[in-house]
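Undergrad: Got a structure for you, written out below as structure tokens; questions coming shortly.
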Amino acid sequence: MKIAIDAMGGDFAPDEIVKGVEMARDRYPELEFQLYGTESKVKPLIQKMDRITLIPTTEEIEMGEEPVKAMKNKQDSSMVRAATAVKNGEADAFFSAGNTGAILASAIFIVGRMRGVERPALASAFPSFGGQHEDFVFMDLGANAENKPSHLYQYGILGSFYAESVLGISNPRVRLLNNGGEEDKGDEVHKAAHQLMKDTDAFNFLGNVEAREIMDGTADVVVADGFSGNATLKAIEGTALTMLDQLKKSIKGAGLRGILGALLLKPAFKSLKSKLDFNEKGGAVVLGVKAPVVKTHGSAKADAVANSMGQIQTMVQEDLAGKTAAFIKENADKLKVKKSSK
């Protein structure tokens, strides 16, 4: 299996990307890695070339660039070249920690959008507390800042498929992220999306959910527009990091008694930290394109990169893209909505 990697994408690229790839190389013997990036910056970082191929590029897409324009104007960028390798069959999957919009544009216009999917979206497994399952599917996490009701409706179908095929959840419960649980809450887009979801038998829709409740185990799939989903994701990440940091400071400030108590509770703290560490889950998957495309956090370090490589290996082994395409073809009628609802 060959993974095409944008070595220049991310806040800590290329250092952490290369470190993560080397960790993955030692961990996953079936994988080969194609590193696309500036040769003078990437080559000195590689400790051993075993199963790692460096493909020199001359351009980089920065985090703040306009996505589609950057993709079109920078044909020799590490991101575009990596996506093109997947399109041409030279690699099985595409990975980047770079500009989210540019990754989505590359996934749609280069790797290719699946017929029947109006708008591919970023989906990820999120930790769930108190429910029947350890994780739930959360999408869209920032691929699309604006959505039509029909997009959110299709996310319910794609999210349910992902929950069943990847997380092993039977008849997943779907909820729509909104600013209230009542049916008439939200803007016109969310009201219309709620009606589409309520009236369908394509998935098991249980109504709206507020952001404070999404990790309570009341849903197996949470559907959101990209703006709200990304804002919620970052708020949860920030809160988790702040609480863990403040807990550590409080323990140290409590003196010997606090330290002894912390030692007794160390296994519990370690388990909680692992569950709240989003790097442990790997990256977010672009659902609705013709090959595996995974985007990890812009601030991802080597561990997150390596975990994403393992995630991609599973996706390729299980032929997730092929199964998604077959599912979409079989459910073409359910994916369609009336034009007046878009």
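Undergrad: Would you report the distance distribution of C-alpha pairs in the stretch 93-243 as whole percents per 5 angstrom bin, up to the bin with the largest distance?
TA: Cα pair-distance distribution for the stretch 93-243, in percent: 2, 10, 19, 24, 21, 14, 8, 2, 0.
Undergrad: Okay, next question. So, with a 1.4 angstrom probe, what is the percent of accessible area on the chain that is carbon and sulfur?
TA: Working: 8160 of 16140 Å².
Percent of accessible area from carbon and sulfur atoms in the chain: 51.
Undergrad: Exceeding 23 Å between C-alpha atoms, which entries from my cross-link table qualify? They are LYS43/LYS72; LYS191/LYS334; LYS290/LYS336; LYS43/LYS69.
TA: LYS43/LYS72; LYS43/LYS69
Undergrad: Right, another one. Please report the spacing between the Cα centers of the stretch 207-270 and the stretch 142-178 in Å, no decimals.
TA: 23
Undergrad: GLU66 label point, 7 Å along Cα→Cβ, cut-off 15 Å on backbone N: hits in the stretch 81-120?
TA: Only 101-102 fall inside the zone, counting backbone N under 15 Å.
Undergrad: Using the basic label-point model (7 angstrom from Cα toward the beta carbon), what is the SER250 to MET49 distance in nanometres?
TA: The answer from the label model is 5.4 nm.
Undergrad: Continuing with this model, one more query. Roughly what % antiparallel, to the nearest 5, for the DSSP beta bridges in the chain?
TA: So the antiparallel bridges in the chain amount to around 30 percent.
Undergrad: Treating only the Cβ atoms of Lys and Arg (+1) and Asp and Glu (-1) as charged, compute the dipole magnitude of the chain about its Cα centre; round to the nearest 20 debye.
TA: About 220 debye.
Undergrad: Another question about this same structure. What is the ratio of the Cα radius of gyration of the stretch 1-96 to 2.2 N^0.38 Å, where N is its residue count, to two decimals?
TA: 1.01
Undergrad: Which Cα, out of GLN311, ASN331, ALA143, lies furthest along the positive dipole direction of the chain (beta carbon charges, K/R +1, D/E -1)?
TA: GLN311
Undergrad: Hey, rough spin-label estimate for THR242 and ARG212, points 7 angstrom out along Cα→Cβ, what's it come to in nanometres?
TA: Each label point lies 7 Å from its Cα, and together they span 1.5 nm.
Undergrad: Turning to a different aspect of this structure: Out of VAL221, VAL18, VAL189, any idea which swings most in a Gaussian network model of the chain, alpha carbons joined below 10 Å?
TA: Among VAL221, VAL18, VAL189, the largest GNM mean-square fluctuation belongs to VAL189.
Undergrad: Could you derive backbone 3J(HN,Hα) for the stretch 310-327 from the dihedral phi with the Karplus parameters 6.51, -1.76 and 1.60 (θ = phi - 60°), listing whole Hz in sequence and x where the residue is Gly or Pro?
TA: So the J values, rounded to whole Hz, are x, 4, 5, 4, 5, 4, 6, 4, 7, 6, 4, 5, x, 5, 5, 4, 5, 4.
Undergrad: Can you tell me which of LEU152, LEU54, LEU264 moves the most in a GNM of the chain? Springs connect C-alpha atoms under 10 Å apart.
TA: LEU264
Undergrad: Between SER299 and ASN331, what length in nm is gained on full extension when 0.36 nm per residue of separation is reduced by their alpha carbon distance?
TA: Contour length minus Cα-Cα distance gives 7.8 nm.
Undergrad: Hey, can you grab everything whose amide H is under 5 Å from the amide H of ASP11? Only 5+ residues off in sequence or another chain; H modelled, so Pro and N-termini drop out.
TA: Long-range HN contacts for ASP11: SER299, ALA300.
Undergrad: Another question, then. In the chain, if the dipole is taken from +1 on Lys/Arg beta carbons and -1 on Asp/Glu beta carbons about the Cα centre, which of VAL166, ALA102, THR242 is farthest to the positive end?
TA: The listed residue farthest towards the positive side: THR242.
Undergrad: Hey, any idea what Rg/Rh is for the chain, computing Rh the Kirkwood way over Cα pairs?
TA: With Rg and the Kirkwood Rh in hand, the quotient comes to 0.99.
Undergrad: Let me ask another. Taking the Cα centre of the chain as the origin and placing charges on Cβ (Lys, Arg +1; Asp, Glu -1), which of ILE214, ALA300, LEU35 is farthest toward the positive end of the dipole?
TA: ALA300
Undergrad: If I model a spin label at ASP11 and ASN179 as a point 7 Å from the Cα along the Cα→Cβ vector, what separation in nanometres do I get?
TA: 2.9
Undergrad: Would you mind working out the magnitude of the charge dipole of the stretch 27-99 relative to its Cα centre, with +1 at each Lys and Arg C-beta and -1 at each Asp and Glu C-beta, to the nearest 20 Debye? Walk me through the numbers on the way to the answer.
TA: Details: 10 positive and 12 negative charges, 15 e Å.
Result for the stretch 27-99 is approximately 80 debye, rounded to the nearest 20.
The values are calculated or read from the model by the stated rules, or taken from the named source; none is laboratory data. These numbers come from a predicted model, not from an experiment. FYI the Cβ positions are ideal-geometry reconstructions off the backbone, even for glycines, and counts take in every protein chain you see. Just the protein is used for accessible areas: all its heavy atoms, side chains included, with ligands, DNA and RNA removed. Shrake-Rupley method; radii C 1.70, N 1.55, O 1.52, S 1.80 Å.
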